[in-house]
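Taking it in order: structure first as structure tokens, then the write-up.
The values are calculated or read from the model by the stated rules, or taken from the named source; none is laboratory data. The shown structure was predicted, so the numbers you read here are calculated from the model rather than taken from an experiment. Cβ atoms come from the backbone with ideal geometry, glycine included; neighbour counts cover every protein chain shown. These area figures cover heavy atoms from the full protein model, side chains too; ligands, DNA and RNA do not enter into them. Shrake-Rupley method; radii C 1.70, N 1.55, O 1.52, S 1.80 Å.
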Amino acid sequence: MTDLIGGRVKKSHPRVEAYGTVDELNSVLGMVRAVMDDRELARKVEKVQRDLFVLGSELATAQGFKPPVKLSAARLKALEREIDQFQNEAPSPRLFVLPGGSFTAALVHFARAVCRRAERCVVALSEEEQVRPIVLQYLNRLSDWLFALALLINMRMGLKETTWQIRRKGKR
């Protein structure tokens, strides 16, 4: 068993899986920030980390109890504005991008994969208990933000993205 804000649940409960995966995402973003040379982008990553603490506190609150803080719609809007800014500077290629490039961008791609898992965990939780829609919206947009950030980092470093292209049968 483990404690939540307002209750106790089994450690195998979907709520624990959800906030634990959000915590894992926050830790990966801490690694990203630790290796970033771009202070402006590092500040943006830190803001996201702070958002994830708020989001995590919502998820760590037992159903029927009020979380100490809630993620605001303003933070979701800010994230969406930053996605647009990133994409204006570093547009997405039309083909699938293989995660990589610089070490920092590769870590951001890893964070994106953890973010997508966190979103799936929150979806699973929402099938059993009420979750505010903004929590899922934020995680969904955050994976897009992370993808755009990885492209921006590589572009600013002068690195070209490696794209995935389907191989025809019999060709390697």
**Message:** Suppose only helical runs count, i.e. DSSP H with n ≥ 4. What mean residue ellipticity at 222 nm does that imply for the chain under -39500 (n - 2.57) per run, divided by all residues and rounded to the nearest 500 deg cm²/dmol?
**Reply:** -22000 deg cm²/dmol
**Fill in**
In degrees rounded to 10, the 0-90 angle between helix 39-59 Cα long axis and the longest Cα principal axis of the chain is 30
**Request:** Compute the Rg/Rh shape ratio of the stretch 1-67: radius of gyration over Kirkwood radius, all on alpha-carbon atoms.
**Result:** 1.10
**Item:** 24 Å Cα cut-off, lysine pairs counted over the stretch 29-163 (separation 8 or more, or different chains)
**Value:** 7
**Complete:** With all protein chains present, the stretch 50-172 has a carbon and sulfur share of its accessible area (1.4 Å probe) in percent of 54
**Request:** Report Phe103's accessible area, 1.4 Å probe, all protein chains in place, as a number in Å² to the nearest 10.
**Result:** 140
**Fill in**
Sorting Ala106, Asn88, Leu52 by the position of each Cα along the dipole of the stretch 26-136 (Lys, Arg +1; Asp, Glu -1; all at Cβ), the one nearest the positive end of that ordering is Leu52
**Request:** Give the Cα extents of the stretch 114-172 along the principal axes, in whole Å, largest first.
**Result:** 47, 36, 13
**Message:** Please report the accessible area of Leu151 (heavy atoms, 1.4 Å probe, ligands and nucleic acids excluded) in Å², nearest 10.
**Reply:** 10
**Request:** Report, by chain and number, residues whose modeled amide H sits under 5 Å from the one on Val9, excluding near sequence neighbours (fewer than 5 apart, same chain).
**Result:** Thr2, Leu4
**Item:** GluC sites (Glu not before Pro) within the stretch 105-163, DSSP loop, no more than 16 other Cβ atoms inside 10 Å
**Value:** Glu127, Glu128, Glu129
**Fill in**
Descending accessible area (1.4 Å probe), largest on the left, turns Met31, Met1 into Met1, Met31
**Prompt:** What net charge do the residues around Glu127 carry, taking every other residue with its C-beta under 15 Å from that of Glu127, with Lys and Arg at +1 and Asp and Glu at -1?
**Reply:** -1
**Prompt:** Once the principal axes of the Cα atoms of the chain are found, what is the range along each, listed largest first in whole angstroms?
**Reply:** 53, 44, 25
**Asked** If you keep only loop residues by DSSP, which trypsin sites (Lys or Arg not before Pro) in the stretch 95-160 have at most 11 other Cβ atoms within 10 Å of their Cβ?
**Response** Lys160
**Prompt:** If Lys and Arg each add +1 and Asp and Glu each add -1, what is the summed charge of the other residues whose beta carbon sits under 11 Å from the beta carbon of Pro67?
**Reply:** +2
**Request:** Could you rank Cys115, Cys121 by how accessible they are, 1.4 Å probe, largest area first?
**Result:** Cys121, Cys115
